[in-house]
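Shown next, in structure tokens, is the structure this report addresses.
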Amino acid sequence: MTVPEETIWELEPHTAAKHRILQKYLDAWFPILARFNNRIVYVDGFSGPGRYSGGEPGSPIIALQSARTHRAKLAGEIVFLFVEERRDRADNLQREISSLQLPAHFKVDLECGEFAESLEAKLDQLDVAGHQIAPTFALIDPFGFSGIPYNLISRLLSKNRCEVLITFVVDSINRWLTHPDPNIRSHITETFGTTAAMAIAEGMGDRPAQLKNLYQQQLSKVAQFVRYFEMRDSNDRVVYYLFFASNNRLGHLRMKEAMWNVDPLGDFTFSDSTNPNQQVLFSSPSVEPLISELESEFHGTPEIPTERVETFVLDRTPYLRKHMRKALSQLESAGRLKVAELKSDGTKRRSGTYPNDSLLSFQ
């Protein structure tokens, strides 16, 4: 991923895909949190100038517009913290924000500085005052790997109702992994929160995949739900992973829905090399991987309610309930799943349906 030097630069296709995921998620996140909280916070680290050279909105404007135009009434205070290190880009973002008509209950704080330093200071202030942070969604979107210390992300995720969407630039980390400069190596260690990344440099195998897996493991120590989306460049090379981490089941579900919207085939990947005019051979995802997971998890167990299977699918796989129904139907048709004629409440189950109280036996 080329690091732009200009104040404003061209929007790349993988960034547009990332923004689609962001917008789909925020369209769900804002009303969910605003309904039950008087104050919510959106943080945009490495926020950029607010627009691209073609006029497309950047992530801060997408967030503001999502909240401003949402059909649901977002009556509570919504705080937007935008942090941008370069003064020229921060000034351009300020002009873009000033051109919007924002409601009085929107509080916008634009800081020119380093993201980690800014967020650390705000968390310190809250801790000293003994206050809990309001429900927070943080987009952490660097061009490289410095300035996103694992300890800070871990600290944020340890707070109640906080979640992150992180651009994990694995291509850059992989290229700098064996650099002799100790400062660069320390930045990598800081990003992972462990020296284990250095061991990957000395080993064999697919280093980007190992780095991705290590980062996923680290996030899983502080977040119950971790999901990633793979972004590739015009040469179809993996550039970065978009990592979502949360301790909220509903947030995890809504993020999966946003990712399925961008990749309806369920690979959770996007490539700049894809020809948008090319005919798609398959219009729906295969559920064979899900079938394998279900059989591995539940084979040999006594009758279990569909609700238990659904919890497994939603919490521990990339799939949604509609995919679960398809997988169960294929298993039943193949004689590998038996569904009790009567549901747990004693009423008859309608053929071909899988309500939460139907009873399943994996053969």
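The values are calculated or read from the model by the stated rules, or taken from the named source; none is laboratory data. Note that the coordinates shown come from a computational prediction; the quantities given were computed from them, not determined experimentally. For neighbour counting, all protein chains shown are included, and Cβ atoms are generated from backbone atoms with ideal geometry for every residue, glycine included. Protein only, heavy atoms only, side chains kept; ligands, DNA and RNA dropped before computing areas. Shrake-Rupley method; radii C 1.70, N 1.55, O 1.52, S 1.80 Å.
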If you scan region 72-95, which residues turn out to be under 23 Å from the mean Cα position of the chain (by Cα) and either assigned to a strand (DSSP E or B) or of a type in the set (Ser, Thr, Tyr) (or both)? 78, 79, 80, 81, 82, 83, 84
Could you check how many residues of region 188-214 are within 22 Å of residue 151 (Cβ to Cβ) and surrounded by fewer than 19 Cβ atoms within 10 Å (Cβ to Cβ)? 10
Residues to consider are 64, 93; find the one that is under 27 Å from residue 35 (Cβ atoms) and of a type outside the set (Val, Ile, Thr). 64
Filtered residues of region 121-169 (kept if aromatic (Phe, Trp, Tyr) and open to solvent by less than 50 Å² (accessible area, probe 1.4 Å)): 137, 145, 150, 168
Would you mind stating whether residue 10 is closer than 24 Å to residue 263 by Cα, open to solvent by 20 Å² or more (accessible area, probe 1.4 Å) and in contact (Cβ under 8 Å) with a residue 24 or more places away in the chain? yes
Return yes when residue 318 is in contact (Cβ under 8 Å) with a residue 40 or more places away in the chain, open to solvent by 70 Å² or more (accessible area, probe 1.4 Å) and assigned to a loop (DSSP other than H, G, I, E, B) and no when it is not. no
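Table: residues versus (1) modelled with pLDDT under 95; (2) buried (at least 19 other Cβ atoms within 10 Å of the Cβ).
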residue: 233; (1), (2): yes, no
residue: 264; (1), (2): yes, no
residue: 270; (1), (2): yes, yes
residue: 280; (1), (2): yes, no
residue: 286; (1), (2): yes, no
residue: 309; (1), (2): no, yes
Specify the residue that is nearest to residue 124 (Cα to Cα); the eligible residues are those in region 144-184 that are outside any helix (DSSP H, G or I) and basic (Lys, Arg). 159
Look at residue 91 and say whether it is surrounded by fewer than 17 Cβ atoms within 10 Å (Cβ to Cβ) and at pLDDT 95 or above. yes
Qualifying positions in region 36-61 - open to solvent by less than 10 Å² (accessible area, probe 1.4 Å) and outside any loop (DSSP other than H, G, I, E, B): 40, 42, 43, 44, 45, 59, 60, 61
